[in-house]
Amino acid sequence: MADITLLSLFVGILLGLYLLEVPVVYALGLTSLILMLTTSIPFEPLLVAQTMVSGSNSFVLLAIPLFLQTGLLMNALGLTDVIFDFAKAIVGPIRGGLAHVNIVASIIFSGMTGTAAADAAGLGAIEYQAMRDEGYEEGFSVAVTGSSSIIGPIIPPSVPLIIYGVIAQVSIGTLFIAGLIPGLIMGLGLMVLCTVYAHRRGYERGDWWSPGKIAKTGYRALPALGTPILIIGGILGGLFTATEAGAIALFYTILIGTVFYDALSLEELIDSFEDGMTRTASLTFIVAAAALYGFLIRRAQLPEVLANAVTTVSTDPMVILLLIAGVLFVVGLMLETIAAITILTPVFLPVIEQTAISPIHFGVVMIITLMIGLLTPPFGVILFVLNAVTGVSLERITRNMLPFYVPLLVALILAIIFPDVVMWLPRTMGLA
């Protein structure tokens, strides 16, 4: 009973502060402080400082600012427009073409930002406006834009997968490869739904395929498309680590921006790096605060309590994974993704270690579930980003998003029920 009470305090205080709109990093810190001052967990200032510093002191975590900066520079260089034009030349002629362009462009560009919010705010604004200019309905346009944006953190490179890999101590490269097929399934599912919408609402086709246009836009986009190829190819070839891949991708982006595209002015370059540093500082602070919160959870031996509770319900790996996914979905509605990964990974790892669930499989399922949470009211971050960049009301965004949860949830369930959806590609490549 004492363990359940303590677990309730850990969850209740944090969610209470979050519901009061306390920023997540302060909510994590305050919850930790309150628990140390009001329970049997001792308050040790030196240990608190050491835990927060060590939690954010990782070579692999250096990949985050590097990938973030790469995405910001690509946005600043206008490569989002280049990629959008290329996607339009390929799938634009399909009925409801711009909806498919929206999804394909997100799949291509997502591998360069690694974050759903960056995709929604950058490429998403372009995609939404293009659909509106072509006469697509406001609600449909914003729903397609939002649902496609969460593919980003599943297809590599992915900031959430990097965070998970560091905490779970599993290969970042293997996680990247494991996310490819589930991400593509999500994209395909969304395209099927858009096809149904296009036929029901009588959306027209775009201009017919033009080999010349495909070649022209492809040539223009080719240097930008080289970024994910360089990252994945280098990691798989053993040429560099995920962190080194981030540095090389950033250098490559600066190079192609100078040689192939309109180079940024010094002022624009400085602004981009300032933005990158601000976002990195915010993420690092969250990771540090979440590391302290996770440490206290482990110190209170709550993962063992949860593991025992789950295994008493069932020992079937699929049932356990479905139960955990349910918990993660609820958490994803209310908690920032990086914080959720940092807090919950140490909690659930002991549970999956008692079953036949691969930590690679679990990591991809975790990210997919949390990404769907980003799109779900009342606190889904992507909903607020879409509201900011499109001006569409949150109520209208939420109402139009409802059908789009179906293909996303189907992809999640497939990843849970059929582990090979996640694990086949890494096994084929000898990575798992």
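Evaluating residue 190 against the criteria (1) in contact with a Pro (Cβ under 6 Å, 6 or more places away or on another chain); (2) closer than 12 Å to residue 364 by Cα leaves one unmet condition, (2). At least 2 residues being among the acidic types (Asp, Glu) and touching a Lys or Arg at 6+ places or on another chain (Cβ under 6 Å) is the threshold, and among the helices (runs of 4 or more DSSP H) wholly inside region 2-72 not one reaches it. Candidates in region 347-374 are the residues that are open to solvent by 20 Å² or more (accessible area, probe 1.4 Å) and not polar (S, T, N, Q); of these, the one that is farthest from residue 328 (Cα to Cα) is 356. Only a single item in (1) modelled with pLDDT under 75; (2) open to solvent by less than 30 Å² (accessible area, probe 1.4 Å); (3) more than 21 Å from the chain's Cα centre (by Cα); (4) not basic (Lys, Arg) is not met by residue 7, and it is number (2). Test residue 382 against the stated conditions and say whether it is under 17 Å from residue 24 (Cα atoms), touching a Phe, Trp or Tyr at 6+ places or on another chain (Cβ under 6 Å) and in contact (Cβ under 8 Å) with a residue 40 or more places away in the chain. When the stated conditions are applied, residue 382 does not pass them. In region 338-375, of all residues being at pLDDT below 85 and among the hydroxyl-bearing types (Ser, Thr, Tyr), the one that is nearest to residue 179 (Cα to Cα) corresponds to 342. When region 263-310 is filtered for residues that are small (Gly, Ala, Ser) and either touching a Gly at 6+ places or on another chain (Cβ under 9 Å) or under 29 Å from residue 73 (Cα atoms) (or both), the ones remaining, listed by number, are 263, 265, 272, 276, 281, 282, 288, 289, 290, 291, 294.
Per the conditions (1) closer than 30 Å to residue 341 by Cα; (2) in contact (Cβ under 8 Å) with a residue 40 or more places away in the chain; (3) not hydrophobic (A, V, I, L, M, F, W, C), the sole criterion not satisfied by residue 261 is (1). For first residues located in region 407-428 and touching a residue at least 40 places away in the same chain (Cβ under 8 Å) and within 15 Å of residue 186 (Cα to Cα), partners that are aliphatic (A, V, I, L, M) and in a loop (DSSP other than H, G, I, E, B) and lie 6+ apart or on another chain with Cβ distances below 8 Å form the pairs 408/150; 408/375. Any idea how many residues of region 274-322 are aliphatic (A, V, I, L, M) and over 30 Å from residue 36 (Cβ atoms)? Number satisfying all stated conditions: 7. The set of residues in region 320-336 that are within 20 Å of residue 419 (Cα to Cα), aliphatic (A, V, I, L, M) and open to solvent by 50 Å² or more (accessible area, probe 1.4 Å) comprises 322, 323, 327. Selection over region 93-116 of residues that are at positive phi and either at pLDDT 65 or above or more than 18 Å from the chain's Cα centre (by Cα) (or both) gives a count of 1.
If residue 181 satisfies every condition in (1) closer than 28 Å to residue 407 by Cβ; (2) among the hydrophobic types (A, V, I, L, M, F, W, C); (3) touching a Lys or Arg at 6+ places or on another chain (Cβ under 9 Å) but one, which is the exception? That leaves (3) as the condition not met. Quick check, is residue 43 open to solvent by 10 Å² or more (accessible area, probe 1.4 Å), farther than 17 Å from residue 148 by Cα, without any contact (Cβ under 8 Å) to a residue 40 or more places away in the chain and not basic (Lys, Arg)? So residue 43 passes the test.
Quick check, is residue 119 in a helix (DSSP H, G or I), on the phi < 0 side of the Ramachandran plot, modelled with pLDDT under 80 and surrounded by fewer than 17 Cβ atoms within 10 Å (Cβ to Cβ)? So residue 119 fails the test. Could you name every one of the helices (runs of 4 or more DSSP H) located completely within region 200-319 that has at least 1 residues being at pLDDT 85 or above and surrounded by 19 or more Cβ atoms within 10 Å (Cβ to Cβ)? Output list reads 211-236, 242-259, 266-299.
The residue that is nearest to residue 292 (Cα to Cα), among those in region 29-38 that are of a type in the set (Ser, Thr, Tyr) and touching a residue at least 60 places away in the same chain (Cβ under 8 Å), is 32.
Among the helices (runs of 4 or more DSSP H) confined to region 122-182, the ones with at least 2 residues that are modelled with pLDDT of 85 or more and closer than 17 Å to residue 375 by Cβ are located at 138-149.
The values are calculated or read from the model by the stated rules, or taken from the named source; none is laboratory data. Please read these numbers as outputs of a predicted model, since none were measured by experiment. When we count neighbours, we look across all protein chains shown, and the Cβ atoms used for this are built from the backbone with ideal geometry, even at glycine. Just the protein is used for accessible areas: all its heavy atoms, side chains included, with ligands, DNA and RNA removed. Shrake-Rupley method; radii C 1.70, N 1.55, O 1.52, S 1.80 Å.
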